[in-house]
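Visitor: Got a structure for you, written out below as structure tokens; questions coming shortly.
The values are calculated or read from the model by the stated rules, or taken from the named source; none is laboratory data. For clarity, every value in this text was computed on a predicted model and none was experimentally measured. Neighbour counts run over all protein chains shown; Cβ positions are idealised from the backbone, glycine included.
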Amino acid sequence: MPVPEPDAEREADGSTDGAMSPVKSLVFTIAIPSVYLGALLVAWLGPKHFGFGVRPLVYAGLTVGLSGLLFWIVAMVQLGKSLAVLPGGDRLVSRGVYRCVRHPVYWGIVLTFFGLFLAVGSVQGMVYLFVVVVPLNIVRARQEERAMQKKFGEAYTRYRRQTWF
């Protein structure tokens, strides 16, 4: 096992080369997507009170959900080859939706599920969204911010100043 340089920055998992431990990699590639699947299962299997009994809320929820899904998809397409489950892409994407928002995929996810849960009137879904999905996306955004700052330095600092979340 190579000995790290004395001034090498140690990652949270103990590595110094930026590589992610197998356990952390497993969490990012399986557990996190499962959380999003869980949100869909809550909506599908849970009781439904469409629009919480207010028909216009069904349409509002569908509109928000479809807009969020479109935003999510556009953001992933615009990431191109930089799209990865693990934080720290190979290039700084600052065009398209990334020109205004640093984490449009996470916003798209939240809007999609918010709209879905509003449309089906799922209290359990709303709780799941705000207790599990939103905090998870905040944690992921922070990890991504650290990785991008480390990789791109001043260019990322400028990008952060010009964009929102």
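Visitor: Across the stretch 151-165, what is the total count of residues that are in contact with a Cys (Cβ under 7 Å, 6 or more places away or on another chain) and surrounded by 13 or more Cβ atoms within 10 Å (Cβ to Cβ)? It would help to see each step written out before you state the result.
Guide: Going residue by residue through the stretch 151-165, those that are in contact with a Cys (Cβ under 7 Å, 6 or more places away or on another chain) are 163-164.
Filter once more, so that each one left must be surrounded by 13 or more Cβ atoms within 10 Å (Cβ to Cβ): 163.
The number of residues fulfilling the criteria is 1.
Visitor: For the stretch 63-85, which residues satisfy the criterion of being modelled with pLDDT of 90 or more and more than 16 Å from TYR106 (Cβ to Cβ)?
Guide: Within the stretch 63-85, THR63, LEU66 meet the criteria.
Visitor: If a residue must be surrounded by 11 or more Cβ atoms within 10 Å (Cβ to Cβ) and assigned to a helix (DSSP H, G or I), how many such residues does the stretch 35-54 contain?
Guide: So the answer is 12.
Visitor: Need the failing condition index for ALA147 against (1) out of contact with any His (no Cβ under 9 Å at 6 or more places or on another chain); (2) closer than 27 Å to ALA60 by Cβ; (3) touching a residue at least 40 places away in the same chain (Cβ under 8 Å); (4) crowded, with 16+ Cβ neighbours inside 10 Å, just the number.
Guide: Condition not satisfied by ALA147: (2).
Visitor: Name the one entry in GLY14, GLY18 that is touching a Gly at 6+ places or on another chain (Cβ under 8 Å), part of a loop (DSSP other than H, G, I, E, B) and at pLDDT below 65. It would help to see each step written out before you state the result.
Guide: Working: GLY14 fails: touching a Gly at 6+ places or on another chain (Cβ under 8 Å).
Residue meeting the stated conditions: GLY18.
This table checks each residue for (1) crowded, with 20+ Cβ neighbours inside 10 Å; (2) among the hydroxyl-bearing types (Ser, Thr, Tyr); (3) closer than 23 Å to TYR156 by Cα.
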position: PRO56; (1), (2), (3): no, no, no
position: LEU66; (1), (2), (3): no, no, no
position: LEU69; (1), (2), (3): no, no, no
position: LEU79; (1), (2), (3): no, no, yes
position: LEU92; (1), (2), (3): no, no, yes
position: ARG99; (1), (2), (3): no, no, yes
position: ALA119; (1), (2), (3): yes, no, no
position: SER122; (1), (2), (3): yes, yes, no
position: VAL132; (1), (2), (3): no, no, no
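Visitor: Yes or no: THR112 part of a helix (DSSP H, G or I), among the polar types (S, T, N, Q) and buried (at least 20 other Cβ atoms within 10 Å of the Cβ)? It would help to see each step written out before you state the result.
Guide: Numbers: part of a helix (DSSP H, G or I): yes; among the polar types (S, T, N, Q): yes; buried (at least 20 other Cβ atoms within 10 Å of the Cβ): yes.
The answer is yes for THR112.
Visitor: Another question about this same structure. Kindly indicate whether LEU92 is touching a helix residue (DSSP H, G or I) at 6+ places or on another chain (Cβ under 8 Å), outside any helix (DSSP H, G or I) and among the hydrophobic types (A, V, I, L, M, F, W, C).
Guide: yes
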